[in-house]
1. Rounded if a/c is under 1.5, else prolate if a/b is larger than b/c, else oblate: which is segment 94-210, with a ≥ b ≥ c the root eigenvalues of its Cα gyration tensor?
2. Do you know the relative contact order of the chain, to the nearest whole percent, from alpha carbon pairs under 8 angstrom that are 6+ apart?
3. Could you compute the FRET efficiency for residue 147 and residue 174, with r as their C-beta to C-beta distance and R0 at 41 Å, rounded to 0.05?
4. Given the rule -39500 (n - 2.57) for each run of at least 4 DSSP H residues, summed and divided by the residues of the chain, what is its mean residue ellipticity at 222 nm, to the nearest 500 deg cm²/dmol?
5. If each residue's Cβ is checked for other Cβ atoms within 10 Å, how do 181, 34 rank with the fewest at the top?
6. Report, to the nearest 10°, how far helix 155-169 tilts away from the longest principal axis of the Cα atoms in the chain, using its own Cα long axis and a range of 0 to 90°.
7. For the Cα atoms of the chain, what angle does the longest principal axis make with the long axis of helix 48-71, in degrees from 0 to 90, nearest 10?
8. Multiply the residue separation of residue 112 and residue 29 by 0.36 nm, subtract the distance between their alpha-carbon atoms, and state the gained length in nm to one decimal.
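The numbers here are math on the coordinates, done by the rules we state, and not lab data. None of these values were measured; they are calculated from a predicted model. Because the Cβ atoms are built from the backbone with ideal geometry, glycine has one as well, and the counts that use them run over all protein chains shown.
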């Protein structure tokens with residue numbers, strides 16, 4: 001049975017509550033753009049199909065706004081936003097449609113996020129490409145996108161960061177020189193640096209006399 005709109009009221013959050021004849025509770029809660037687009041004025045008639053369409057559109061709009069607010073605080077992957085919207089109670093089809101819209105509009109881009117994430121980790125956090133790749137995959141980036149981001153890293157930037165990390169770490173290491181060399185190599189390997197970079201950074205910190213066999217396990 002079609003419903004007839006009897007009143008429209010704005011709530012404290014800025015949404016418009018649509019009341020219909022014979023209903024004590026609002027049948028819709030929508031933003032202004034949805035209200036205008038569907039001409040939800042007093043006297044409007046809503047059949048079941050139209051009501052369902054408006055509810056779906058309103059839910060997708062709310063999910064999009066929620067995801068966009070999180071993106072405004074810092075980069076996120078699509079997977080991270082999917083999980084966030086799920087926690088907020090949005091149905092999977094609604095979240096998917098909202099995130100598809102953000103991708104079409106250029107607000108959400110895993111490739112762009114991965115490239116910037118990789119660059120910042122390499123330049124500012126003393127992390128090598130192996131660790132950065134693992135972090136990207138944990139955040140929901142596809143392996144292909146993660147590999148493309150890693151492939152875009154500047155090898156010289158990574159090399160300089162590894163050397164700086166080694167120089168900062170070396171004075172704090174205890175034990176015999178051979179043990180310190182091994183510990184430093186292990187530390188750099190855990191930071192995600194590949195074998196060639198590790199060997200160069202260890203020699204920069206410990207000197208050219210660093211025993212090769214203590215670094216050799218960390219191959220590219």
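1. prolate
2. Reported as a whole number, the value is 13 percent.
3. It comes out at approximately 0.60.
4. -18500 deg cm²/dmol
5. Listed from fewest to most nearby Cβ atoms, that is 34, 181.
6. Value to nearest ten degrees: 70.
7. Tilt relative to the chain: about 30 degrees.
8. Answer, rounded to one decimal: 26.4 nm.
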